[in-house]
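Here the structure comes first, spelled out in structure tokens, and everything after it is commentary.
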Amino acid sequence: MGFESASLNTSEGSGERSRSIGVPGRFSFNLLPAPAAAILLGLGSSANAQAIPWTGEFASPWNAQKIFEPSSLPDRTDPDNREEIPPEDMPVKKRQQPGYEPIGIRAGSWMFNPSLTAGTFYDSNVFASNTTKRSDIAAVIEPTLRAHSLWGRHGVDLKLNAQQTLYNQNSSLNQTSASLKGNGWLDITKDTMLLSSFQVAHLNEGVGTLGSPSNAISPTPYNLMSGDVTLRREFNRLTTSIGFRTDSYDFQSTRAQDGTIINQDARDGQIYALHSRIDYAISSTLGWFGGVEGNQRDIRGTPGHTLDSQGYRALSGITVGLSNLVTGEFGAGYVQQRFDDPSIGMIEGPSYRARLTWRPTRLLDVHVNAEQLVTQTSDTSATGVLANAVQLGVDYELRRNVIVSLAGGYENDRFFGQVRKDNVLTSDTRVKYLINRFGAVSAYYRYTKRDSDVPVFSFDKHLVGMNVTAQF
């Protein structure tokens, strides 16, 4: 299928991941939640300072250049002789061990899975500032309801959730988010599928994020509507897809340290993208892919400094799948984004993307990701950003019901239209304990450090928290 996009999430949550869908008599493929995470390495928070986020269910609103999602290689064995994949052969963070999977509530051909997460965290630098460092503790509550169909053909997967974060001393940081998203697939013929996804949400961009004003003391709320429709067709070893995506953003105001209101209407706009991809299975362990996406970004910008732009990204490379040992995709190509504002101009050059998962044992997954993309932000001036990131993470099954995850990342952000270059270091540690089918407890620690040529944007912060989840 192709591409993914994301926004900020303050919950610990495991987050939606790309989901492998097996179609009887056909090979499996990754079907993205709408929209899914950009990088699958840990948990994002409201203070995610990166243009290329580690994880989370969404990416930063300005990451409109879709990320090319790896496609699984075809399983060319006889479908009648295929066996279900046992839990121990699934990725550590995706596997559901017998006795710990949610029960769910079945109603006809639908399954419903409600859950409720409550937690608290300590933030050492709530305003992501290098001059006014304030610490605080906060409480988070997040109810979620997932519904998915149980039909033999076709399918629909929906997720409705809300989240409220309340700070003890800094009430200006309080925020409430709500989201309805879903994806579906329609079997038109044996070899043709129509894939779709959508999201309607009221979200918040946290203080200290790439797009947040430097003097803001409140999150920036915004409304998001997005949708994607993709037609996928298989021709024996060849798989092709073409799709169209649109994202609409409506930003509201935030508040500055001196109490004045910071209008963020300049960030309102729509983003349109046409994407296509070709996969060819050379063998059961090696494949070739080529993908391209063109976009039109109609962003209001500031007076005299529009953020409208047009661009494309093209990648080609190989997909590898050596049983359960090594899976990955490596692509290189070219990216170009032409901004209407002459002070930004055109950002272009070689581009790359790499994902590798190594499973030396059934208890350990090692992830390596590298990515480059072009995005933009609007603070006191309109700027374009060329972001490069490298990330490393490990997931370890300490016990059947205890998962330990460690991750670290480095990102370089180069700004156009402004003399600025940033380096971001992030580390993440978390432990998840599954009590039984109905509950889980998790604890996490995250460190973020941004060094900028413009000192006002530099900061570091520590985030420590714990969550309890009840599910059915």
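The values are calculated or read from the model by the stated rules, or taken from the named source; none is laboratory data. Please read all numbers here as calculations on a predicted model, not as lab measurements. Virtual Cβ from ideal backbone geometry, glycine too; neighbours counted across all protein chains shown. Accessible surface areas use protein heavy atoms only, side chains included; no ligands, DNA or RNA. Shrake-Rupley method; radii C 1.70, N 1.55, O 1.52, S 1.80 Å.
Taking segment 138-157 on its own, how many of its residues are at pLDDT 95 or above and of a type in the set (A, V, I, L, M, F, W, C)? The total comes to 6. Residues in segment 160-186 that are open to solvent by 20 Å² or more (accessible area, probe 1.4 Å), modelled with pLDDT under 95 and within 20 Å of S226 (Cβ to Cβ): 2 in all.
Go through segment 312-355 and give me each residue that's open to solvent by 70 Å² or more (accessible area, probe 1.4 Å) and either hydroxyl-bearing (S, T, Y) or assigned to a strand (DSSP E or B) (or both).
Residues satisfying the conditions are Y312, I318, L322, S323, F330, Y334, R338, E348, P350, Y352.
Just one of the numbered conditions (1) open to solvent by less than 40 Å² (accessible area, probe 1.4 Å); (2) more than 25 Å from the chain's Cα centre (by Cα) is not true of G152: (1). Do we have any residue at all in segment 120-137 that's within 21 Å of I435 (Cβ to Cβ) and either at pLDDT 95 or above or basic (K, R) (or both)? The answer is yes; a qualifying residue exists. Quick check on my filter: what residues within segment 356-370 are aliphatic (A, V, I, L, M), more than 21 Å from the chain's Cα centre (by Cα) and assigned to a strand (DSSP E or B)? The one that is aliphatic (A, V, I, L, M), more than 21 Å from the chain's Cα centre (by Cα) and assigned to a strand (DSSP E or B): L364. Filtered by the rule that a residue be part of a strand (DSSP E or B) and of a type in the set (D, E), segment 276-310 gives D279, E293, D298.
Of all the residues in segment 100-134, those that are of a type outside the set (A, V, I, L, M, F, W, C), out of contact with any Pro (no Cβ under 9 Å at 6 or more places or on another chain) and assigned to a strand (DSSP E or B) number 5.
Residues are listed down the side, and each one gets a yes or a no for (1) free of Cβ contacts under 8 Å to residues at least 12 places away in the same chain; (2) under 29 Å from T254 (Cα atoms); (3) open to solvent by less than 60 Å² (accessible area, probe 1.4 Å); (4) of a type in the set (S, T, Y):
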{"site": "T383", "(1), (2), (3), (4)": "no, yes, yes, yes"}
{"site": "G393", "(1), (2), (3), (4)": "no, no, yes, no"}
{"site": "Q418", "(1), (2), (3), (4)": "no, yes, yes, no"}
{"site": "V431", "(1), (2), (3), (4)": "no, no, no, no"}
{"site": "G439", "(1), (2), (3), (4)": "no, no, yes, no"}
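Considering segment 187-202, and only residues there that are modelled with pLDDT of 95 or more and open to solvent by 20 Å² or more (accessible area, probe 1.4 Å), the residue that is farthest from A256 (Cα to Cα) turns out to be V200.
The residue that is farthest from L195 (Cα to Cα), counting only those in segment 232-252 that are over 22 Å from the mean Cα position of the chain (by Cα) and either open to solvent by 50 Å² or more (accessible area, probe 1.4 Å) or charged (D, E, K, R) (or both), is Q252.
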